[in-house]
Amino acid sequence: MLYWISIEFEWKLQRVDFSSPVKNSVLINTRAKMDILKSLGHPEEIINLFKYKIGGFCSIMPTLDYDSMSETLRTCYAYLNQTSRSFAAVIQALDGELRHAVCIFYLVLRALDTVEDDMSIPLEKKVPLLQDFHTFLYQPQWSFAESREKDRQVLEDFPTISVEFRNLGEEYRDVISDICHRMGVGMAEFLEKKVSCMKEWDKYCHYVAGLVGIGLSRLFSASQLEDAEVGRDTELANSMGLFLQKTNIIRDYLEDQQEGRAFWPQEAWSQFTARLEDFSHPQHLSSALSCLNLLVTDALRHVPDVIAYLSRLRNQSVFNFCAIPQVMAIATLSACYNNPQVFQGVVKIRKGQAVTLMMQATNMCAVQSIIAQYSQEILQKVSVTDPSREKTLFILSVIREKSLSPAVLSSRAHHISPVYVSAVMLLAALSWQYLNATAGQPPGGADMQGH
């Protein structure tokens, strides 16, 4: 399964009942109240939630001018918004022609991934489809109408995507076609192959995410928004993808188990249990946490490369595009580390936390500070009896050395004045009262202004 290179943000759009505006208003206000409640005790998050509600999102994720696009390109962006949820936002914030190239890159890989995920396609048909998928980019009429997956529209209307692919410059087409080919071959390899050893885990993550990082980096350089070295250094680019992919795999243990999938490497889990599914049983919690912490530690070894990669970026839109998912990932890993909830439900970071990270991760100093903060949070949770303790402490020390000093971290995370906290609590209380007063207003009321 292709996770692209994005962590799904907690501020993604929710379903809305357009047939009932008043009901919709109540629903939105109820969610807003819940967001406030979850961030009580985190004053900075409450401030950023309100900045986001009144338009802070648009300052980082500007709106596109769809009227100036061709009909097929508008359709591509419609598919992007339908299939990628939050990732659509960071793509649409990219500068210039790079935006269109990355949009098409995403949709091509989404179509490829839809073939891989569709269990209704027999293997004898699926394998050549994956291996030859890159050739369909140059076949104007090719489409596939036999998929039952939820994103099947990108296959059924592939001619719309492929025509926009062919409208791209050759420097972009070459990258997209090459990555599509290599990824298709890799996906076909793992169709009937389980992730056994840790090297195989790295290899699988390379095929479905590392190649995405490499392809994006080559697109950044091709656009001349970034130096050629960004596209040439495939090791750092690969690590960007692996960090995000491993974070998703770790977090999604229970969901994958429930859907009959398994991406945790056997070399890791077999140290603690005879069957991977046993981790979901309470009596195996201690072993489950040991395996979880081992995998988190393995994912953390990519963070120094993430820091090195981000430090090379010069274009603001590219930096935001790359940095936001990475800080979301380390926050998610911190939430997952030694957390029994991984085996019982879904581990999510707070919406206020996600919005704060999104609004802050716009420069290297801030990103290093965020990484240092969450590394410190993990450090505080390392048990003296954890089998991976020494490896965890070592990689955390390396990360801390490459991020910010303790003094700078302290200035960011602590020493919030009581006056500031009181002001935020007052703002939260007034906002709660406001949301209660406006919850039942019809469209055009105060709560609908600016939407």
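The values are calculated or read from the model by the stated rules, or taken from the named source; none is laboratory data. Since the model is a prediction, treat every value here as computed from it, not as a measurement. For neighbour counting, all protein chains shown are included, and Cβ atoms are generated from backbone atoms with ideal geometry for every residue, glycine included. Surface areas here come from the heavy atoms of the whole protein model, side chains and all, with no ligands, DNA or RNA. Shrake-Rupley method; radii C 1.70, N 1.55, O 1.52, S 1.80 Å.
Mind listing P(r) for segment 162-286? All alpha-carbon pairs, 5 Å bins, whole percents.
Result, from short to long distances: 2, 10, 16, 19, 16, 12, 9, 7, 4, 3, 1, 0 percent.
Using the Karplus curve 6.51 cos²θ - 1.76 cosθ + 1.60 with θ = phi - 60°, what ³J(HN,Hα) values do you get for each residue of segment 220-226, in whole Hz, with x for Gly and Pro?
With the stated coefficients, segment 220-226 comes to 4, 5, 4, 6, 6, 6, 10 Hz.
Each residue of segment 283-292 in turn: what ³J(HN,Hα) in whole Hz from Karplus with 6.51, -1.76, 1.60 and θ = phi - 60°, glycine and Pro shown as x?
Karplus-based 3J(HN,Hα) across segment 283-292 equals 5, 9, 4, 4, 5, 4, 5, 4, 5, 4 Hz.
I'd like the Karplus ³J(HN,Hα) series for segment 125-134: coefficients 6.51, -1.76, 1.60, θ = phi - 60°, whole numbers in Hz, and an x wherever there's a Gly or Pro.
Karplus values, whole Hz, x for Gly and Pro: 9, 5, 4, x, 4, 5, 5, 9, 4, 4.
Just to be sure I understand the model, the point goes 7 Å from the Cα along the line to the Cβ. What's the resulting Ala78 to Arg182 distance in nm?
3.4 nm
Any idea which of Gln139, Ala101, Pro128 is furthest toward the positive side of the dipole for segment 69-193, if Lys and Arg beta-carbons carry +1 and Asp and Glu beta-carbons -1?
Selected residue: Ala101.
Keeping the other protein chains in place, figure out the carbon and sulfur percent of the accessible area of segment 287-392, with a 1.4 Å probe. Mind dumping the intermediate values first?
On the way: 1570 of 3280 Å².
Heavy-atom surface of segment 287-392 belonging to carbon and sulfur, 1.4 Å probe: 48 percent.
Enumerate by residue number the GluC sites (Glu not before Pro) in segment 240-328 meeting two conditions: DSSP loop (anything except H, G, I, E, B), and at most 11 other Cβ atoms within 10 Å of the site's Cβ. Don't jump to the answer; show the numbers that get you there.
Details: sites: Glu255, Glu259, Glu267, Glu277; in loops: Glu259.
Sparse-neighbourhood loop GluC sites (Glu not before Pro): Glu259.
Computed over the Cα atoms of segment 69-193, what is the ratio Rg over Rh, Rh following Kirkwood?
The Rg/Rh ratio comes out at 0.95.
Whenever you get a sec, compute what percent of the accessible area on segment 69-193 sits on carbon and sulfur atoms (1.4 Å probe).
On the way: 2280 of 5010 Å².
Here it works out to 45 percent.
Subtracting the Cα-Cα distance from 0.36 nm times the residue separation, let me have the gained length for Cys365 to Met119 in nm, one decimal.
Net length gain for the segment: 84.1 nm.
Report the gain in length on full extension from Leu191 to Glu97: 0.36 nm times residue separation, minus Cα-Cα distance, nm rounded to one decimal. Please report the intermediate quantities before stating the final value.
Working: separation 94, 0.36 × 94 = 33.84 nm, distance 3.49 nm.
Value of the extension gain: 30.3 nm.
Using DSSP to define loop residues, name the trypsin sites (Lys or Arg not before Pro) in segment 109-181 whose beta-carbon has at most 14 other beta-carbon atoms within 10 Å. Before the final figure, lay out the partial values.
Values: sites: Arg110, Lys125, Lys126, Arg148, Lys150, Arg152, Arg166, Arg173; in loops: Arg148, Lys150, Arg152.
Filter output for segment 109-181: Arg148, Lys150.
I'd like to check one number: the per residue accessible area of segment 287-327, probe 1.4 Å, reported in Å² as a whole number. It would help to have the intermediate numbers written out before the result.
Numbers: 900 Å² over 41 residues.
With all protein chains present, segment 287-327 gives 22 Å² per residue.
Using a 7 Å offset from the Cα along the Cα-to-Cβ direction at both Thr234 and Glu170, what is the distance between the two label points in nm, to one decimal?
In this crude label model, Thr234 to Glu170 measures out at 2.2 nm.
Write down the Å³ per residue value for the convex hull defined by the alpha carbon atoms of segment 197-347. Kindly include the intermediate steps, with their values, before the conclusion.
Working: hull volume 15.0 nm³, N = 151.
Here the figure is 99 Å³ per residue.
Please sort 205-211, 365-371, 385-391 by packing, taking for each peptide the average over its residues of neighbouring beta carbons within 10 angstrom, highest first. Write down the numbers at each step before the final one.
Numbers: 205-211: 24.9, 365-371: 21.0, 385-391: 14.9.
Packing order, densest peptide first, comes out as 205-211, 365-371, 385-391.
Leaving out ligands and nucleic acids, and using a 1.4 Å probe, what accessible area per residue does segment 153-221 come to in Å²?
Per residue, segment 153-221 has an accessible area of 34 Å².
Under the 0.36 nm per residue contour assumption, what length would be gained going from the current alpha-carbon distance of Ala145 and Gln224 to full extension?
Stretched fully, the Ala145-Gln224 segment lengthens by 24.7 nm.
Measuring from label point to label point, each 7 Å out along Cα→Cβ, what is the Gln257 to Gln131 span in nm?
In this crude spin-label approximation the distance works out to 3.6 nm.
Which loop-located trypsin sites (Lys or Arg not before Pro) does segment 250-302 contain, where loop means any DSSP state but H, G, I, E or B and the Cβ has at most 15 other Cβ atoms within 10 Å? Don't jump to the answer; show the numbers that get you there.
Details: sites: Arg251, Arg261, Arg275, Arg301; in loops: Arg261, Arg275, Arg301.
Here the trypsin sites (Lys or Arg not before Pro) that fit, given the DSSP loop and packing criteria, are Arg261, Arg275.
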